[in-house]
Amino acid sequence: MIKSTALKALLALMLFAGFAAPAFAIDLETARSQGLAGEVDNGLLAVPPGAGNDAQGLIAAINNQRRAEYAKIAAQNNLSLDVVGTMMFEKIYTRLPAGTWVQVKGQWKKKAG
Amino acid sequence: MKWTKRIVVALLFAAMLVPAAAWLAFPWYAQLLVDRALKGKPVHVQLSGIGIPGLGGVGFRKLTASFTSPPDQCSSKPATYRISVVNGRISWNIGDLDRLLFSGSLQTDIALDADSLRILPDPESFVFEDEHPRIDMKLTIVRRQKAPMVIQPERVSYSISKASVIREKLRLAGIDYRVSLSRDGKWHQPPDTLFVSKLYSDGNPSPAGNFRALFGSKRDPLKPCALILSNCSINLFEWNGSAERIEYDIRKQETSFTLKLAEIPLNELPWFKPSEKQLLRGIGKVRGSIPIEFRDSTVLVRNAVVIGEAGSAVLYPANENTRGFSLDIGAKPASAELLKNLNATITLNSRNQNLAGLAVRDLSVDLFEGKLQASPFLFDPVKNEVMLTLTLDDIHVLDRLNYHGEVKGSFKGALTGSVPLAFGKKGLTFGEIDLASTVTFSNIALRDLPGLKGNGNQNKPLAAGTFNGTLPLEYRKNILTVNNGTISGSKGTRIIFYDKENRQWLSFDLSSNTGSRALLRNIKTSLKLDAVGGKTKHYALGKLSAEALGGTLLATPVVFGSSNKEIPLTIQLNNIDALDRVRLHGDFKGSLSGAVSGTLPLVLGKNRFMINKARLRSNGGGTITTVAPPMPKRSATERIFGAPDQDADYSFKSPNILITRQYDGKTVVDFMLKELKRKTGGGELLLTSPKGKLAMWQHKNNPDRVTLSDFSAGFFDGTIRIDNVDYDMAKKETETILLMNDIPLQKLLDLQGTKKIYATGTVKGSIPVKMSGQTIEIKDGAMNAESSGQIIYATTPEERAAANQGLRTTYEALSNFLYVQLTSSLSMAADGKSTIRVQLKGNNPDFQAGRPVELNLNIDQNLLDLMRSLSISSNVEQIITEKALQKEK
């Protein structure tokens, strides 16, 4: 229980802090709002349907960071990476503006307003 | 004196001349004498060509006598008989005449001999002819004063021998009878045996002959008009018929009696007499009883019966050494008679038609629980032809028909329809036969059928069990059609396949319930017999269709027996639930299910066959479990820590195969499955869409060699491939290279069961595999990343804190390692001991400012145990932790 609360706090902290990202021509917020990147229910990013590969580099970089972080959390809490990713997606989802691409159970859709 | 003398001389001369003249003039007044003697009698005799009498007799050229019997209670009209005797001679005993002169009366014997004698009644109903007859008569002659001489016949005897009676075209030949009439016997003919040796019809011998009957002229006072024949017997063919008593009513001209046909061995009847040409053979005996009524030249047969001795049969063909059919015609408890209620109306020698033989109508008989009727027909012995149509109604001939051959079993069925046939000089010929029968068969052994014979072994499956069914058949216009037939397999009916050790490994269940759950239902086909010159030239089997195991089966028309050496045949399967019927035995077990559809184009040659691109597919699948062979002896440590003996389940989905087989057995199977899964207690291995080409029996000198080529399958979102592999099933040896592409690195790590290592990116590999018996070797296998990716080895702060400096650095480097190059080499010895060397190049952006890092990783483990369990039994994490991590600049 305690562990779970601690985990949630950690996740929340990560979200606020944002991820330290290398300089890309476009940032995540913009990529998501322009439909070039979408959130997947495993806690990672992917290119939504119909989008070009403009944000591909950004997505790969952020995913690598996220995976490293998730792995850290997973190791600390004796969870698998997937479980951590799923929990992260739930947190990320609440913060996403309407109209952002999300993929749940393999299905792409835009977050309703 | 002179005149006196002359007168005396003249008188004396006259006295001498008168008797001489009378003697010489006998031929001129003989007729007068006869007329005078017969005056007032109903007999008239005409003589011609009478010779001058000699001492012992007188000859004549022709004697014609007519005798009229007056009407009596038995005949309303007088009957006249004309008797003509040609070239006859009446002889007497000259010595007797002396006694007549002296005593005034005498008894004398006279005899009539002639070249021929004919008796012709009027109205002309028959002609009696006898060659060289001799009639003996005893006469009493009384000479009285002043009164004519009285001639009194005492006795007449006439031994008829080889005479004949002709009635129109019918001739009774070889008649023997002794006529013996006497005054003492009141001129009644005493009973004597009448014998007729042969009956001819228009010159042709009929099957009837050797007629014998006791016959005399004395009538029964109570039946004054009955002509009585007793102890009658006749031969019909070789068959002896008898009637104790035949009463012929002269007035009504009719008779009725029962002809009993004695028991006769069938092989003595003409249709079954053993001979070269004979088609049929008869065993057993038959007897019969034929009630006959005769009236107005018409024979009525009423309710005749023929009985076969129990066990009697007719066999076809007659040759004892040939397989064929036997028709049981013996008595049964349920039906003692072979033929019952045999009725017919036979008109003999019909006067109004120019017909010598018989006209038969209303012929019907009960036969094998049914009824057989014949259309009216004529038998003309001149043409020796019969044409008629038989009508069959529910004749259960198949119940009694047995097939003696390789196919055993029992058949039942009744025939209904019509058979026009003609019997003549060409033998038996048939017109347009129209027959229908529902044939029910049971207990037909599957292994008796062509192509399924013999015991099972590794080269030949065993067909076990029996089947039964119903085939409604119709034969019309040379075409036999089957409509709505049903075939079921009895319990245990199956085809069993054997392995090299002659153990069952697979069987195909053919048992089924009957009726709506039969193996084959609604069978429809036709068989056309193309006969040329009475001989069947070839059989054309028409399109065959049937409902089979929930689906349908279609076969294209086939022509057998023609000059074509190769017969194409295509079988179409549609949704047949065949996989459910596959059973596995021995080292295999499992269950399959699903329907099979496809096309099977065959070419049938003589004792061989070819498959031309048969495509079979199924939406089903199944699981096959291989029972693991016992593990080789292992040490105690191995038994404790090694993988356990494990059975593996192979499951597959949606098989789709393309088979081509050549006459010599060379077979190529192109296969494609939706998926193939290998599952053991430790994990599962899934191949998606595996496909490839299996070539079998390509090498005559090495039939155990199987070649798999162009094999590919989806494996963890990637692909594995084998370009070519030869496998020797006997030696269990093979060597090949397993190629992999696009295999996600993460999946391979998951396969190892690691919990802390995460990776992205895909690898490709080339792994040379050598199999020999139960052992597998890998030499110099290589697996390399196809692009850059990420590897994370996640550790907790506690783990990092507990680690030494070097290890902590490694942990940190691997916390987010972005590799640009990943190469590995893999080798495994036959005992499973393996070495994997991994080389990583890349950096960690969070570690030492992202400087390039190179890592080498060596993993030694027993891969065989790993593969057996498909889960990690070694400990990659431990290896990383404890020894193999080497950080380099």
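The values are calculated or read from the model by the stated rules, or taken from the named source; none is laboratory data. This structure is a prediction, so every number in the text was calculated from the model and none was measured. Don't worry about glycine lacking a Cβ; one is built from the backbone with ideal geometry, like all the others, and counts go over all protein chains shown. Heavy atoms of the whole protein, side chains included, go into the accessibility calculation; ligands, DNA and RNA do not. Shrake-Rupley method; radii C 1.70, N 1.55, O 1.52, S 1.80 Å.
What the table below lists for this structure:
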{"item": "Environment charge of B:Asp113, counting only residues whose C-beta is closer than 12 Å and scoring Lys/Arg +1, Asp/Glu -1", "result": "-2"}
{"item": "10 Å Cβ neighbours from other chains, averaged over peptide A:64-73", "result": "6"}
{"item": "Ordering of B:256-262, B:574-580 by burial proxy (mean other Cβ atoms within 10 Å per residue, highest first)", "result": "B:574-580, B:256-262"}
{"item": "Contact surface B-A: accessible area buried, both sides summed, square angstrom, 1.4 angstrom probe", "result": "900 Å²"}
{"item": "Peptide-level mean, for B:790-798, of C-beta atoms on other protein chains within 10 Å", "result": "5"}
{"item": "Cα shape, segment B:253-431, gyration tensor, a/c 1.5 rule", "result": "prolate"}
{"item": "Reduced Cα scattering model of segment B:683-815, Debye log10 I(q)/I(0), q = 0.10, 0.22 Å⁻¹", "result": "-0.49, -1.30"}
{"item": "Three principal axis lengths of segment B:39-162 [C-alpha, angstrom, descending]", "result": "48, 33, 25"}
{"item": "Nearest-ten-degree value, helix B:26-37 long axis tilted from longest Cα axis of chain B", "result": "80 degrees"}
{"item": "Selection of trypsin sites (Lys or Arg not before Pro), segment B:89-166, meeting DSSP coil and at most 13 other Cβ within 10 Å", "result": "B:Arg144, B:Lys146"}
{"item": "Point-to-point label distance, B:His699-B:Ser364, nm (Cα→Cβ direction, 7 Å offset)", "result": "7.7 nm"}
{"item": "For B:Thr599, net neighbour charge (Lys/Arg +1, Asp/Glu -1) across residues whose Cβ lies under 11 Å away", "result": "+3"}
{"item": "Accessible area per residue, Å², chain B with all protein chains present, probe 1.4 Å", "result": "56 Å²"}
{"item": "Gain in span if fully extended, B:Ser105 to B:Leu24, counting 0.36 nm per residue against the direct Cα distance", "result": "26.6 nm"}
{"item": "Cysteines in chain B that, by Cβ-Cβ distance, have no pairing candidate under 4.7 Å", "result": "B:Cys232"}
{"item": "Aspartates and glutamates whose Cα lies under 20 Å from that of A:Lys111, excluding same-chain neighbours fewer than 8 positions away", "result": "A:Asp27, A:Glu29, A:Glu39, A:Asp41, A:Glu90"}
{"item": "Relative contact order of chain B, defined on C-alpha pairs under 8 angstrom at six or more residues apart (%)", "result": "3 percent"}
{"item": "At R0 = 25 Å, FRET efficiency that the Cβ-Cβ distance of B:Phe67 and B:Ser197 yields, to 0.05", "result": "0.35"}
{"item": "Heavy atoms of B:Glu309 accessible to a 1.4 Å probe, total area in Å² rounded to 10", "result": "70 Å²"}
{"item": "Computed lengthening from B:Arg503 to B:Asn784, 0.36 nm per intervening residue step minus Cα-Cα distance", "result": "96.7 nm"}
{"item": "Residue list for segment B:30-57, given a label point 7 angstrom along the Cα-to-Cβ vector of B:Ser217 and an amide N cut-off under 16 Å", "result": "B:42-44"}
{"item": "Computed FRET value (nearest 0.05) for B:Ser159 with B:Ala310, which takes r as the C-beta separation and R₀ as 35 Å", "result": "0.15"}
{"item": "Pair B:Arg837, B:Ser182: separation of 7 Å Cα→Cβ label points (nm)", "result": "14.5 nm"}
{"item": "Extension gain, B:Ser335 back to B:Lys691 (0.36 nm per residue minus Cα-Cα distance, nm)", "result": "121.6 nm"}
{"item": "10 Å Cβ neighbours from other chains, averaged over peptide A:42-50", "result": "0"}
{"item": "Convex hull per residue volume in Å³, alpha carbons only, for segment B:492-619", "result": "150 Å³"}
{"item": "Label-point gap, in nm, between B:Asn484 and B:Asp723 - each point 7 angstrom along Cα→Cβ", "result": "6.2 nm"}
{"item": "Computed [θ] at 222 nm, deg cm²/dmol, chain B (DSSP H ≥ 4; -39,500 (n - 2.57); rounded to nearest 500)", "result": "-3000 deg cm²/dmol"}
{"item": "log₁₀ of I(q)/I(0) at q = 0.07, 0.09, 0.10, 0.11 Å⁻¹ - chain B, Debye sum with one point per alpha carbon", "result": "-0.82, -1.05, -1.17, -1.29"}
{"item": "Links that overshoot a 27 Å alpha carbon limit, given the list B:Lys524/B:Lys693; B:Lys426/B:Lys528; B:Lys500/B:Lys770; B:Lys198/B:Lys260; B:Lys700/B:Lys770", "result": "B:Lys524/B:Lys693"}
{"item": "Accessible area of A:Glu90 in the full protein assembly, 1.4 Å probe (Å², nearest 10)", "result": "120 Å²"}
{"item": "Accessible-area order (highest first, 1.4 angstrom probe) of the listed residues B:Arg476, A:Arg95", "result": "A:Arg95, B:Arg476"}
{"item": "The protein assembly as shown - Rg over Rh from alpha carbon coordinates, Kirkwood radius", "result": "1.39"}
